[in-house]
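All remarks here apply to the structure that follows.
The values are calculated or read from the model by the stated rules, or taken from the named source; none is laboratory data. None of these values were measured; they are calculated from a predicted model. As a convention, Cβ positions derive from the backbone with ideal geometry for all residues, glycine included, and neighbour counts pool all protein chains shown.
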Amino acid sequence: MSGHPEVSRRTLLTGGAAAAALAGVGVWAASGPTPSFAHGDRGPGNGRHVLVGYDSAYGSTGDVAVAIADEFGAAGWRSEVRRVGEGIDLDRYQAAVLGAPVHRDAWKEEATAFLSGHADRLRQIPVALFLTSMSYGIDPDRARQDRAKRAILEQVARQAPSLTPIAMRPFGGFLDYGRMAPINGLVYRGFAGNDTSGDFRDFDAIRAWGADLAGQLRRKR
């Protein structure tokens, strides 16, 4: 008889079932729909090039980028929607509009890294910044939200010393739990000050801002 306790068949079966159950929970927690991220060009091929770059966890900030790019395209610019991290060559562009959602009271990390990593080039062209935020869309105290979110954008701009954005604008966000893996939805609900879901993006305001930017830059030519 060995020095190890004998493990019964029942114990093995019970333990195996528990392990399988845990594995199943892990698969369930990690599973979720594959996000779709906007990517495309707008406007005439011979127009001046503007980058509308963004980052997004589930794709909704990309929809905002597309709406802004459409306004640039309508104004005669060659506007290119790109997700940051795609290997973007900033030398192609004569202007840039950059945006990202707010995560933990800060711009999404990948967008901040893109801005600071390309600071030298961005200081040489006109740059505008935007963010998307659920609290900005939900909170009825718009003045407080405007101050708080503009402070975040000012902090973003400081990631590239001497960068002076020509415009900065917060917008409401879009929260759809159906786009998340279940575990991410549970974490969000646990830590969010307000876990209300829904689409709080004001596309009329987004398009108006994009059109104003395009006109502003056209007058600078």
Open item on the list: Of the conditions (1) under 13 Å from ARG121 (Cβ atoms); (2) at pLDDT 95 or above, VAL64 satisfies every one except a single condition; which number is it?
Closed with: (1)
Open item on the list: Among the listed residues ARG150, ARG158, ARG144, ARG218, identify the single one that is farther than 30 Å from ARG92 by Cα, surrounded by fewer than 20 Cβ atoms within 10 Å (Cβ to Cβ) and basic (Lys, Arg).
Closed with: ARG144
- [ ] Return only the number of the condition from (1) part of a helix (DSSP H, G or I); (2) modelled with pLDDT under 95; (3) closer than 29 Å to ALA96 by Cα; (4) of a type in the set (A, V, I, L, M) that VAL187 does not satisfy.
- [x] (3)
Open item on the list: Here is a list: SER116, SER135. Which entry is of a type in the set (Gly, Ala, Ser), in contact with a helix residue (DSSP H, G or I) (Cβ under 7 Å, 6 or more places away or on another chain), in a helix (DSSP H, G or I) and over 16 Å from ALA38 (Cβ atoms)?
Closed with: SER135
Task: Criterion violated by ILE88 - all others in (1) modelled with pLDDT of 95 or more; (2) surrounded by fewer than 24 Cβ atoms within 10 Å (Cβ to Cβ); (3) not acidic (Asp, Glu) satisfied - done: (1)
